[in-house]
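Each remark here refers to the structure printed beneath this line.
The values are calculated or read from the model by the stated rules, or taken from the named source; none is laboratory data. All figures in this text were calculated on a predicted structure; none of them were measured in a lab. Methodologically, a virtual Cβ is constructed for each residue, glycine included, from the backbone with ideal geometry; neighbour enumeration extends over all protein chains shown.
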Amino acid sequence: MGKKLNGTVIVTYRCNARCSMCSRYKAPSRPEEELSVETIRKLPRMYFTNVTGGEPFIRTDLRDIVRELMKISDRVVISTNGFFTDRIIELCREFPNVGIRISIEGLEQTNNEIRGLPNGYQRGYTTLKRLREMGMRDVGFGMTVQDRNAPDLVPLYQISNELDMEFATASLHNSFYFVETKNIIHDRPMVAGHFEDLINELLNSHSPKKWFRAYFNHGLINYIYGQKRLLPCDMSFDTFFIDPYGDVMPCNGTRDKEVMGNLNEQSWEELWNSAQAEEVRKKVRCCDRNCWMIGSVSPAMHKYIWKPAWWVIRHKFLRFWKKKKYSMYENKIVRDYRDGRVTKEELDACSTCDLCAIASNGLSEGSNAQLQSQDGEDVGKSDFAAQIEGKR
Ligand code: SF4
Ligand code: SF4
């Protein structure tokens with residue numbers, strides 16, 4: 001038996017939200033083309049599986065997919081916007097060991113503005129509380145930090161602490177997956193300042209897991225200043241993503257979709273050991289996009305554990321013996337920007353933001369074809385309406 005992998009299963013590109021930093025809702029997949037249980041059964045053994053979308057709970061057969069994934073994966077975590085409370089609760093009744101991460105983009109008003117879902121914050125928060133009341137252990141928040149919601153970062157972390165839940169962070173990225181090319185942080189020092197506060201809160205805790213999360217957030221400061229990743233990216237070597245069409249990809253951070261093979265048509269061994277997969281691995285080796293998302297960083301933190309571990313030891317030592325807090329200015333680029341040695345335009349040029357580019361969407365021909373006659377948002381709305389009426 002080969003070694004276990006880390007996989008992300010994108011079960012759908014349909015989404016009921018309207019997030020300001022992600023246009024996926026305008027580019028939905030057709031339900032008929034989405035991953036079948038038969039294809040899921042062909043996946044390899046995994047030590048960790050993330051189930052995501054779009055909004056995964058928009059699939060009314062999600063339970064069948066999760067049931068198969070639980071057989072081949074040591075741990076399954078579903079990322080959701082938390083809107084479909086009843087579906088989430090129902091699934092968790094059947095699978096109490098599954099993990100649930102609900103993305104909340106700030107305090108109530110900010111979240112609702114960014115997410116574009118009426119009452120989105122209350123629904124997400126209610127779902128989280130109900131999951132806790134049910135005794136679900138692996139439950140947490142996720143937040144994508146940007147200029148608009150950065151001031152809510154620490155207050156939201158404090159709410160997650162009160163609820164005794166995990167708190168995961170990300171920042172803006174551009175890729176075919178988000179159908180975006182224009183995401184960028186404008187006021188880097190302001191956003192970095194809020195990350196600095198969060199890092200100090202995390203380092204101040206008694207949880208080693210949180211100390212490592214502090215390192216991850218330190219990496220986010222480095223990322224928003226457009227610098228080289230703190231750790232190598234080994235996506236596609238022992239990590240993969242699979243999209244709703246069965247296409248296996250290295251990650252979700254590339255500009256255009258990179259395909260290693262198709263699991264609807266191939267066996268896993270054939271696909272994973274193919275010349276096409278090797279070609280993609282070569283591209284990953286020289287990829288300069290420098291993403292810093294948990295999907296690619298978490299495996300790297302485990303693999304190159306000494307780098308984050310040394311950072312944690314140094315900062316715990318400084319905090320305990322020298323009473324010295326973490327400062328964002330320990331990043332050279334943050335000092336350089338403060339001291340005028342680098343301009344905002346130069347930093348913008350280091351990002352993946354491209355104001356002139358047309359975003360690639362990674363859809364199949366069939367899914368793109370439906371967008372010829374109908375706006376993607378309208379396709380999503382009628383799909384959602386049909387679901388509410390119980391027709392799907
Ligand atoms: S970020 Fe997630 S919830 Fe928001 S539009 Fe994109 S897929 Fe939907
Ligand atoms: S840096 Fe890694 S995760 Fe990002 S696009 Fe490149 S290969 Fe993918």
Requested in this report: For the stretch 258-275, indicate whether the set of residues that are in contact with a strand residue (DSSP E or B) (Cβ under 7 Å, 6 or more places away or on another chain), of a type outside the set (A, V, I, L, M), over 30 Å from residue 204 (Cα atoms) and buried (at least 17 other Cβ atoms within 10 Å of the Cβ) is non-empty.
Outcome: yes
Query raised in the report: Out of all the residues in the stretch 266-293, which are within 12 Å of ligand 2 (Cβ to nearest atom) and either touching a Phe, Trp or Tyr at 6+ places or on another chain (Cβ under 7 Å) or of a type outside the set (A, V, I, L, M) (or both)?
Result: 281, 282, 283, 285, 286, 287, 288, 289, 290, 291, 292
Report task. Only residues that are within 19 Å of residue 49 (Cβ to Cβ) and touching a Ser or Thr at 6+ places or on another chain (Cβ under 8 Å): list them for the stretch 278-300, please. Result -> 295, 296, 299
Query raised in the report: Looking at the stretch 337-362, which of its residues are surrounded by 15 or more Cβ atoms within 10 Å (Cβ to Cβ) and without any contact (Cβ under 8 Å) to a residue 60 or more places away in the chain?
Result: 342
Query raised in the report: Can you find even one residue in the stretch 242-257 that is crowded, with 22+ Cβ neighbours inside 10 Å, within 16 Å of ligand 1 (Cβ to nearest atom), within 14 Å of residue 297 (Cβ to Cβ) and polar (S, T, N, Q)?
Result: yes
Query - Complete set of residues in the stretch 308-330 that are in contact with a helix residue (DSSP H, G or I) (Cβ under 8 Å, 6 or more places away or on another chain) and not aliphatic (A, V, I, L, M) - result: 308, 311, 315, 316, 319, 324, 325, 326, 327, 329
Query raised in the report: Any idea how many residues of the stretch 231-241 are buried (at least 22 other Cβ atoms within 10 Å of the Cβ) and either near ligand 2 (Cβ under 7 Å from one of its atoms) or outside any strand (DSSP E or B) (or both)?
Result: 3
Query raised in the report: Scanning for something of a type in the set (S, T, N, Q), farther than 30 Å from residue 189 by Cβ and more than 15 Å from ligand 2 (Cβ to nearest atom), does the stretch 215-222 turn up at least one residue?
Result: no
Query - Any hit, the stretch 47-60, residues being at pLDDT 95 or above, buried (at least 24 other Cβ atoms within 10 Å of the Cβ) and among the aromatic types (Phe, Trp, Tyr) - result: yes
